[in-house]
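Asks: If you scroll down you'll find the structure; I have some questions about it.
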Amino acid sequence: MAPSSKRPYARGFAVDAETERALRAGLPSREVKIQRGPLSDALRILATEPPSRLVFVDLDGVADPDEAAFQLSEICAFETALVAIGSADTAAFSRALLRRGFSDYLVKPLSPAAVREAGKAATEEPPEQAYAGRVVAFVGSAGSGTSTVVSAVAHGIAAGGRTASVV
């Protein structure tokens, strides 16, 4: 079968019916493709079809989850947010996934709310930071006219409608 040219917003790969149901309930959109099968199917599909913005991958039943995480992070495009799913409930494994570029790790059993929250957190843009201003420093020695220059610059900035602080 030829790869689909339509890029789904999200993809989900589950190894069991319970995880598949949670993914379907947590990602209720027509732009979502969810299927059940082994990790090898997920790797093949992700390598051959257009990248999705969000991918959930079930790592249960994988002999070497670290190697699987490496393969997934190598296959998926930079803009793809990866969320791993599994039964291992260890902080070390979760941190290893984050170091590999995964956005989150969800421990089974999944709830639709956890899937929704992980998807939202993985794909939302970071908030804009407020403009913090600019620092201008003047260095001089006694009698060099530095105070005059500082005063003139501060006056010019203030005349332009900006506030200036001189310390």
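The values are calculated or read from the model by the stated rules, or taken from the named source; none is laboratory data. Bear in mind the structure is a predicted one, so any value in this text is a computation, not a measurement. For neighbour counting, all protein chains shown are included, and Cβ atoms are generated from backbone atoms with ideal geometry for every residue, glycine included.
Asks: Give the residues of the stretch 103-131 that are of a type in the set (A, V, I, L, M, F, W, C) and at pLDDT 90 or above, sorted by residue number.
Replies: Selection gives Leu106, Val107, Leu110, Ala113, Ala114, Val115, Ala118.
Asks: Report whether or not Arg100 is surrounded by 11 or more Cβ atoms within 10 Å (Cβ to Cβ) and either among the hydroxyl-bearing types (Ser, Thr, Tyr) or modelled with pLDDT under 90 (or both).
Replies: In short, yes.
Asks: Consider the stretch 103-119. How many of its residues are exposed (fewer than 15 other Cβ atoms within 10 Å of the Cβ) and either outside any helix (DSSP H, G or I) or hydrophobic (A, V, I, L, M, F, W, C) (or both)?
Replies: 3
Asks: Working only within the stretch 46-63, note down all residues that are surrounded by fewer than 19 Cβ atoms within 10 Å (Cβ to Cβ) and in contact (Cβ under 8 Å) with a residue 24 or more places away in the chain.
Replies: Ala47, Thr48, Glu49, Pro50, Pro51, Arg53, Asp60, Gly61
Asks: If the Cβ limit is 6 Å and pairs must be 6+ apart or interchain, which residue in the stretch 13-34 that is in the same structural domain as Leu72 (by TED's automatic domain parsing) and touching a residue at least 24 places away in the same chain (Cβ under 8 Å) pairs with which residue that is among the charged types (D, E, K, R) and not in a strand (DSSP E or B)?
Replies: Once the first residue is in the same structural domain as Leu72 (by TED's automatic domain parsing) and touching a residue at least 24 places away in the same chain (Cβ under 8 Å) and sits in the stretch 13-34, its partners that are among the charged types (D, E, K, R) and not in a strand (DSSP E or B) give Ala14/Glu20; Val15/Asp60; Gly26/Arg116.
Asks: Quick check on my filter: what residues within the stretch 5-34 are part of a helix (DSSP H, G or I) and surrounded by fewer than 23 Cβ atoms within 10 Å (Cβ to Cβ)?
Replies: Correct list: Ala17, Glu18, Glu20, Arg21, Arg24, Ala25.
Asks: Filter the stretch 59-93 for residues that are within 16 Å of Ala122 (Cα to Cα) and in a strand (DSSP E or B) and give the result.
Replies: The answer is Ala81, Leu82, Val83, Ala84, Ile85.
Asks: Taking the conditions exactly as written (of a type outside the set (Lys, Arg), in a helix (DSSP H, G or I) and either farther than 26 Å from Glu20 by Cα or in the same structural domain as Ala81 (by TED's automatic domain parsing) (or both)), does Ala154 satisfy them or not?
Replies: Against the criterion (of a type outside the set (Lys, Arg), in a helix (DSSP H, G or I) and either farther than 26 Å from Glu20 by Cα or in the same structural domain as Ala81 (by TED's automatic domain parsing) (or both)), Ala154 qualifies.
Asks: With respect to Ile85, is the statement that it is touching a residue at least 24 places away in the same chain (Cβ under 8 Å) and of a type outside the set (Gly, Ala, Ser) true?
Replies: In short, yes.
Asks: Separate question: Just to check your reading of the model, which residue among Ala96, Ala47 is farther than 24 Å from Glu124 by Cα, of a type outside the set (Asp, Glu) and part of a helix (DSSP H, G or I)?
Replies: Ala47
Asks: Which of the residues spanning the stretch 83-97 are under 24 Å from Glu18 (Cα atoms) and surrounded by fewer than 19 Cβ atoms within 10 Å (Cβ to Cβ)?
Replies: Ser87, Ala88, Asp89, Thr90, Ala91, Phe93, Ser94
Asks: Residues that are out of contact with any His (no Cβ under 6 Å at 6 or more places or on another chain), surrounded by 15 or more Cβ atoms within 10 Å (Cβ to Cβ) and under 13 Å from Arg7 (Cα atoms): does the stretch 64-73 have at least one?
Replies: No, there is no match, as no residue in the stretch 64-73 is out of contact with any His (no Cβ under 6 Å at 6 or more places or on another chain), surrounded by 15 or more Cβ atoms within 10 Å (Cβ to Cβ) and under 13 Å from Arg7 (Cα atoms).
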